[in-house]
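The next block holds one structure in the form of structure tokens; read it before the comments.
The values are calculated or read from the model by the stated rules, or taken from the named source; none is laboratory data. This is a predicted model, so every value here is computed, not measured. Every residue, glycine among them, receives a Cβ derived from its backbone with ideal geometry; neighbour counts consider all protein chains shown.
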Amino acid sequence: MPPMTLEEVRALDAADPLAPFRDRFALPPGVIYLDGNSLGPLPKATAARLREVVDVEWGRDLISSWNTHAWVDASARIGGKLATLVGLEEDEVLVTDSTSVNLFKLIVAAARSRPGRGVLLTELGNFPTDQYLTAGAAQVLGLRARAVPTELLEASLTEDIAVLVLSHVNYRSGHRHDLARLTSLARARGALVVWDLSHSVGAVPLNLREAGVELAVGCGYKYLNGGPGAPAFLCVARACQPLLDNPIPGWFGHARPFDFTDGYQPAPGLTRMLSGTPPILSLLALETGVDLMLEATTPSAAPLFAKSERLCALFAGLVRDRCPELTLVSPIEPARRGSHLSYAHPHAYALVQALSARQIIGDFRAPDLARFGFTPLFLRYEDVWRAAEGVAEVLKTGAWLDPRFQVRARVT
Ligand SMILES: Cc1ncc(COP(=O)(O)O)c(C=O)c1O
């Protein structure tokens, strides 16, 4: 996209079919929020829904709400809604636990279904929790874990690999793997793949059925706007469900939890992957975020992803022309990345802080990346244009040199 003037980007906003969705979020005035890929902002409907849940469902109706307000079905119901976004059937997605816990469950379950294979494989540079859990699962199972550079992934898919653990979109670079190709390659070599879709769902088109994906997990608090620490989701293709046992077999995954029997008997479908009592407040907060995303992507998700590509292209073009100090580490071709762009700079932390002081919120990923997320539901083209202006100005004026921008916070 060629660099544009403010008038030109305003014309894009005026013609944007998704523009009305911005008002569905409680965004603080003046803030340009380029971090919806890390923590999505608060949908106004969520605040109202949570008030209702607290006052009426919990406050007034108390324990009867498990039945009367269908709390007991929430994990499966919200999973069913998410299924549309990832291209699976309703009974192939479940909302539960955190992404980390779901990774553990699926890695262990998948490895146990591949007896005789002794290695769990992942990629160096994969999100840390994915690497730690691959190693942790290997330890629990008495297997070995291996992490290899991206360029060695395919050659490393040898006959001893039970499970391959990959993020579809890399949290730092934004690089997007070819879901279908790697899934089918792994399958041809006898391994199962557990995909982490945390930076993909709501960010890029997903059709897991078409791509042949059998196992996946992902975050609820990023592009799905489910709230801080929102429950995550896990996907298991129908054909695989009876073959996988939940390694944390709690009573909610039992076939008849309210029979209170002594022996464990897994539920027949995906609900066997539940463990304990679900966090209802967080689940119902996530549900309004998912509903909003579904509204924006029905009947077609194409406008959402097209806008995401245009927002990225606008920012990348402006920064390329005005900020030679920044090195783009994300692929520029839309099909090869997610919906965020990362730039290397030796003082990326201070740069992100200086931007934040100007109400332009991105984030820093150690050791040297400034990362900006482009979330088409609430961002305007004008926001992105102004953010690029802000980056250029902070670099030109050296505003980032201010000592208060050098002090590292615990969460970056
Ligand atoms: C790719 C990826 N996986 C997992 C997580 C986090 O998992 P959890 O919600 O368990 O903390 C993140 C968080 O940013 C992530 O980027």
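Before we move on, is GLY40 modelled with pLDDT of 95 or more, more than 13 Å from ALA285 (Cα to Cα) and not aromatic (Phe, Trp, Tyr)?
The answer is no for GLY40.
Can you pull out every residue in the stretch 31-55 that is in a helix (DSSP H, G or I), of a type outside the set (D, E, K, R) and out of contact with any helix residue (DSSP H, G or I) (no Cβ under 7 Å at 6 or more places or on another chain)?
Of everything in the stretch 31-55, those that are in a helix (DSSP H, G or I), of a type outside the set (D, E, K, R) and out of contact with any helix residue (DSSP H, G or I) (no Cβ under 7 Å at 6 or more places or on another chain) turn out to be ALA47, ALA48, VAL54.
For the stretch 205-216, indicate whether the set of residues that are in a strand (DSSP E or B) and more than 10 Å from the ligand (Cβ to nearest atom) is non-empty.
Among the residues of the stretch 205-216, at least one is in a strand (DSSP E or B) and more than 10 Å from the ligand (Cβ to nearest atom), which makes the answer yes.
Among the residues that make up the stretch 53-72, is at least one of them closer than 30 Å to GLN241 by Cα and buried (at least 20 other Cβ atoms within 10 Å of the Cβ)?
yes
Out of (1) away from the ligand (no atom under 16 Å from the Cβ); (2) within 18 Å of the chain's Cα centre (by Cα), what's the single condition that is false for ASP35?
Answer for ASP35: the failing condition is (1).
Would you mind telling me which numbered condition in (1) of a type in the set (Ser, Thr, Tyr); (2) over 30 Å from ALA70 (Cα atoms); (3) out of contact with any Ser or Thr (no Cβ under 7 Å at 6 or more places or on another chain) SER339 fails?
It fails just one condition, (3).
Quick test of your reading of the structure: GLY118 fulfils all but one of (1) more than 29 Å from THR158 (Cβ to Cβ); (2) in contact with a Lys or Arg (Cβ under 7 Å, 6 or more places away or on another chain). Name the failing condition by number.
Every condition holds for GLY118 apart from (1).
Scan the stretch 106-122 residue by residue and report those that are of a type in the set (S, T, N, Q) and surrounded by 19 or more Cβ atoms within 10 Å (Cβ to Cβ).
If the condition is that a residue be of a type in the set (S, T, N, Q) and surrounded by 19 or more Cβ atoms within 10 Å (Cβ to Cβ), then THR122 is the only one that fits.
Would you check which residues across the stretch 1-30 are outside any helix (DSSP H, G or I) and modelled with pLDDT under 95 and list them?
Across the stretch 1-30, the qualifying residues are MET1, PRO2, PRO3, MET4, THR5.
Which of (1) under 24 Å from ASP16 (Cβ atoms); (2) buried (at least 24 other Cβ atoms within 10 Å of the Cβ) does PRO334 not meet, given it meets every other one?
(2)
With a cut-off of at least 2 residues that are within 16 Å of the ligand (Cβ to nearest atom), name the strands (runs of 3 or more DSSP E) lying wholly within the stretch 56-175.
Output list reads 93-96, 119-123, 161-167.
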